[in-house]
Amino acid sequence: MLTSSIVLLVNNEDNDAFSGKNDNLYTTLDATIPSFPSPGNPWIEDSLNIRVESGVEKIRVTVITWSLAELNYWQLNNNALDKQAGAKNGEIFEVYDPTSGEIDHRTFWMAADIFHKLPSVPGVISILDAQNNPQPYDTIPFDRPDFNPESVRSGEIHGANDAWERGYTGEGMIVAVADTGVDFAHPDLNGTQARVEDSRSDWSGWPMMFDHNSMYSYLVNGNAYPQSSTWYADTSNLDYDNDSDGVLDLSGYNITGIPNSLSGIYHLGEHPDSTLRSKVGSDVPILVVDEDVSGVYETVYVDMDVDGNFTEEKAIKPGSETTGLDTNGDSLWDISGGLVYWVSDGINGVPYGQTYSIRHGYQNRIAGAGNLTLFMLDSGNHGTLCASAISAQGVIDDGRVIGMAPNATIASIGNHYSGGHSLDAWRWIAEGNDGKSDTKYDQANIGSFSFGYSSIDESGADGYSLYLDWLTRVYNDNASYSVAIGNGGHGFGTTKVPGA
Ligand SMILES: [Ca+2]
Ligand SMILES: [Ca+2]
Ligand SMILES: [Ca+2]
Ligand SMILES: [Ca+2]
């Protein structure tokens with residue numbers, strides 16, 4: 001993806017840095033010779049027309065286009081750019097030009113009474129209804145409590161055993177599961193998290209995860225937990241142990257025996273998992289430490305037993321990113337502390353944040369070092385079930401649960417049902433954290449979706465199917481997407497467009 005051009009560093013205090021009035025932040029295109037196809041007559045999702053005719057004031061659209069620059073220009077002139085909250089806590093903003101000549105999409109709120117003008121914006125391919133949510137999954141396998149099914153061996157049914165005999169166990173494959181999230185602290189999944197290993201990535205060493213709900217809340221509103229109920233934790237509260245007595249001077253937490261902060265500045269926050277909080281009955285403190293390099297915050301401790309003492313807690317760091325609490329002494333975690341997949345470094349935005357910002361017309365919000373800690377959790381259990389079907393390790397229950405590709409690793413697209421748009425999940429799978437499909441080292445091989453848009457059925461000629469087709473056959477022909485067709489697959493039916 002083109003991300004060339006101006007980078008503006010906007011100062012912290014400017015609360016109105018993104019006023020939407022400042023045209024010269026963006027390149028406007030030479031109107032006479034478009035540098036991109038302009039198909040005209042875009043595909044428009046029916047429910048949008050119905051919504052507009054019903055008299056609502058605002059609608060939320062996702063536009064697929066050849067030119068984000070033209071769309072951006074139109075949004076500026078029609079007051080249809082989402083506004084961002086100003087920088088705080090030492091954040092900086094980075095601004096990039098919107099792209100042109102490449103297929104991309106953008107989601108935004110706009111006044112319904114100018115909707116009729118949108119289809120004629122140069123480059124527009126499709127206009128989707130961003131308030132049309134994917135069809136829900138079903139997590140209740142049986143509705144008859146007295147019904148006792150015969151056990152089946154899923155590996156045999158699906159032919160996994162045959163594949164294993166030929167030496168295919170998922171080795172080297174990264175499967176991105178778009179769902180409720182994945183609990184990687186589950187003993188059967190701990191260690192199956194995919195990582196970005198290549199040092200060319202700005203997020204090298206950390207797990208490969210994406211959470212567009214938390215990302216949206218942070219980039220647009222500047223909020224993380226506890227200001228918002230997302231899985232980004234605000235860890236910008238500072239503490240010190242200036243008298244070196246092993247007790248933090250302000251909060252009183254015990255840190256005896258854990259490696260010291262090399263800068264002398266400890267970061268504190270609260271764990272964003274509501275399931276964990278309800279299990280232990282209170283807020284759960286987290287501590288972020290720069291114990292290897294001064295000012296580089298890569299170690300996180302969770303006070304799992306909420307005793308105000310971090311001494312006995314497991315260190316979370318790249319390569320070992322999970323934690324949990326063993327309540328019955330069998331060395332297996334019974335309460336999950338989730339997985340950390342990044343701590344802000346003061347230099348880079350959140351993983352995929354730059355691409356997401358350019359796409360949706362935001363400035364990239366860069367958190368100060370140690371101020372933001374990103375967790376991958378599960379808001380229900382369905383995503384963890386799906387991940388288990390792929391790569392469960394057979395640790396608990398006498399090894400009963402072994403995934404069909406036990407040597408594959410999992411990249412979770414988490415809390416998918418709470419916000420964000422499927423198109424962002426599709427793109428992230430095809431291009432990875434850096435937004436580029438030709439750099440394979442930071443992206444998944446397979447996308448797994450157990451949901452879709454059942455209401456869209458135009459024999460593959462709808463905007464969703466065509467975008468998916470382009471993504472998997474043109475943009476990245478090594479990415480394969482697997483969709484549960486009967487469970488609300490895109491374009492419900494017994495057949496599917498070739499790209500899916
Ligand atoms: Ca002290
Ligand atoms: Ca503790
Ligand atoms: Ca246990
Ligand atoms: Ca990439």
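Between N161 and D305, the modelled label-to-label distance comes to 4.4 nm, taking each label 7 Å out from Cα in the direction of the beta carbon. A protection proxy built from the mean count of other Cβ atoms within 10 Å ranks the segments 247-256, 105-114, most packed first, as 105-114, 247-256.
Extension gain, E312 to S331: 0.36 nm times the residue separation minus the Cα-Cα distance gives 5.4 nm. Taking amide H positions as placed in the peptide plane 1.01 Å from N, state which residues far from L372 in sequence (5 or more) or on other chains have amide H under 5 Å from it. Amide H neighbours of L372: T235, S344. When both region 267-323 and region 391-427 are represented by their alpha-carbon centers, they are found 23 Å apart. If you plug the beta carbon distance of R473 and N77 into 1/(1 + (r/R0)^6) with R0 = 45 Å, you get a FRET efficiency near 0.80. Surface analysis of region 158-487 yields an accessible area of 36 Å² per residue, using protein heavy atoms and a 1.4 Å probe. Only protein atoms count toward the accessible area here, which uses a 1.4 Å probe; on region 158-487, the carbon and sulfur part of that area reaches 46 percent.
Backbone geometry of region 385-399 corresponds, through the Karplus equation with coefficients 6.51, -1.76 and 1.60 at θ = phi - 60°, to 3J(HN,Hα) couplings of 4, 5, 5, 5, 4, 7, 9, 4, 9, x, 8, 8, 6, 6, x Hz, x marking Gly and Pro. Taking amide H positions as modeled 1.01 Å from N, with prolines and chain starts lacking one, the residues under 5 Å from Y225 and 5 or more places away or on another chain are T230, Y232, A233, D234. Computed extension length for D243-V395: 50.3 nm, one decimal, from 0.36 nm per residue of separation with the Cα-Cα distance subtracted.
With every protein chain in place and a 1.4 angstrom probe, the accessible-area ranking of S38, S204, S437, largest first, reads S38, S204, S437. Using 0.36 nm per residue and subtracting the Cα-Cα separation, the extra length available between S263 and N49 on full extension is 71.3 nm. Taking packing as the residue-averaged number of other Cβ atoms within 10 angstrom, the listed peptides 196-202, 172-178, 182-188 run from highest to lowest as 182-188, 172-178, 196-202.
Taking amide H as placed 1.01 Å from N in the peptide plane, the amide H of I125 sits under 5 Å from that of I64, T65, W66, each at least 5 places away or on another chain.
The values are calculated or read from the model by the stated rules, or taken from the named source; none is laboratory data. All of these numbers come straight from a predicted model, not from anything done at the bench. Every residue, glycine among them, receives a Cβ derived from its backbone with ideal geometry; neighbour counts consider all protein chains shown. Side chains are part of the model used for accessible areas, which takes the heavy atoms of the whole protein and leaves out ligands, DNA and RNA. Shrake-Rupley method; radii C 1.70, N 1.55, O 1.52, S 1.80 Å.
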